[in-house]
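To keep things clear, I will list the structure first and then write my remarks on it.
Just so you know, all these numbers are worked out from the coordinates, no wet-lab data involved. The shown structure was predicted, so the numbers you read here are calculated from the model rather than taken from an experiment. Note that we place each Cβ from the backbone using ideal geometry, even for glycine, and neighbour counts take in every protein chain shown.
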Amino acid sequence: MKSWTTDVSTLLLRLVAGAIFLPHGYSKVFGQGGPAAFAADLPSYHIPAFLGYLASYAEFFGAILLIAGLLTRIDALLLAGTMFVAVFVVQLPDAMRDPDVHGFGAVLHTIELPLSLLAITTAIIILGPGRLSLDSLLQIERRLFKLK
């Protein structure tokens, strides 16, 4: 059985991650050009454009669901995937090619936010939503995964 501290910790992780993702997702979904503008940049990184739409909606709607604790592990998985691509496919290679970025510390500074969000969303996947979530209240994981 999970302890109270684990439940509060998962709540805190969900709230913080959701609060960070929400404005980023909002700007991708409702900003100038919408998700199409974001998706249009991805083929230059050899990423299919449809994944830009998925990432945009995952960052906005996934953030809302993450804060509520609804479909938490699925939301966190989508967001972790988005951050994995942001770190290792987009930002890290760009930082390594940038002549103005020198040294390990400078590279880490370039990828610190998406890397932190990758770690947070991975922790949420591992820990689950906690008892302070709609998943727990509605017993979503028990129903989805046929848990006892």
Task: Tally of residues being part of a loop (DSSP other than H, G, I, E, B) and of a type in the set (A, V, I, L, M, F, W, C) across the range 117-137 - done: 1
Open item on the list: Against the conditions (1) closer than 18 Å to Arg14 by Cα; (2) surrounded by fewer than 18 Cβ atoms within 10 Å (Cβ to Cβ); (3) in contact with a Leu (Cβ under 6 Å, 6 or more places away or on another chain); (4) among the hydrophobic types (A, V, I, L, M, F, W, C), where does Phe61 fall short? Just the number, please.
Closed with: (3)
Task: Of all residues making up the range 70-110, the number that are buried (at least 16 other Cβ atoms within 10 Å of the Cβ) and over 14 Å from the mean Cα position of the chain (by Cα) - done: 7
Task: Complete set of residues in the range 19-35 that are exposed (fewer than 12 other Cβ atoms within 10 Å of the Cβ) and touching a helix residue (DSSP H, G or I) at 6+ places or on another chain (Cβ under 9 Å) - done: Phe30, Gly33
Task: Scan of the range 138-148 for residues that are surrounded by fewer than 15 Cβ atoms within 10 Å (Cβ to Cβ) and part of a helix (DSSP H, G or I), ordered by number - done: Leu138, Arg142, Arg143, Leu144, Phe145
Open item on the list: Can you tell me how many residues within the range 42-82 are touching a residue at least 60 places away in the same chain (Cβ under 8 Å) and under 14 Å from Leu118 (Cα atoms)?
Closed with: 2
- [ ] Give just the number: which of (1) in a helix (DSSP H, G or I); (2) out of contact with any Ser or Thr (no Cβ under 9 Å at 6 or more places or on another chain) does Ile47 not satisfy?
- [x] (1)
